[in-house]
Amino acid sequence: MHFTTESFIASLITGSIGFVYWSYGRKRPAPLFMASGALLMVFPYFVESIPLTVIITVALAALPVVVRI
């Protein structure tokens, strides 16, 4: 696995969004935000394609907002 500058920046942005979601889910009892945040922080290590990273990021970021438990 190799990182280009573009994939590094995409991973950094995705991980930052994940950290915010995870922190929000931890402060308020929102397990879906915590799970989504954890996945957003971890999955960029396994996906090399930038378009696929963007699609997964948008889907995981929208999941807790769309699905309300």
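Give me the percent relative contact order of the chain, please, defined on Cα pairs under 8 angstrom at least 6 residues apart.
34 percent
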- List, in order, the whole-Hz ³J(HN,Hα) value for each residue of region 11-18 obtained from phi through the Karplus relation with A = 6.51, B = -1.76, C = 1.60 and θ = phi - 60°; use x for Gly and Pro. 5, 5, 5, 4, x, 5, 4, x
- Query: Taking only DSSP H segments of four or more residues, each worth -39500 (n - 2.57), what value at 222 nm results for the chain once the sum is divided by all its residues, to the nearest 500 deg cm²/dmol?
  - Reply: -25500 deg cm²/dmol
- Query: What does the charge count near G37 come to, summing +1 for each Lys or Arg and -1 for each Asp or Glu among other residues with Cβ under 13 Å from its Cβ?
  - Reply: +3
- Interchain or sequence-distant (5+) residues whose placed amide H lies within less than 5 Å of the amide H of F3 are none
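Quick note: the coordinates plus some simple rules give every number you see, no bench work behind them. Keep in mind it's a predicted model, so treat the numbers as computed, not measured. Note that we place each Cβ from the backbone using ideal geometry, even for glycine, and neighbour counts take in every protein chain shown.
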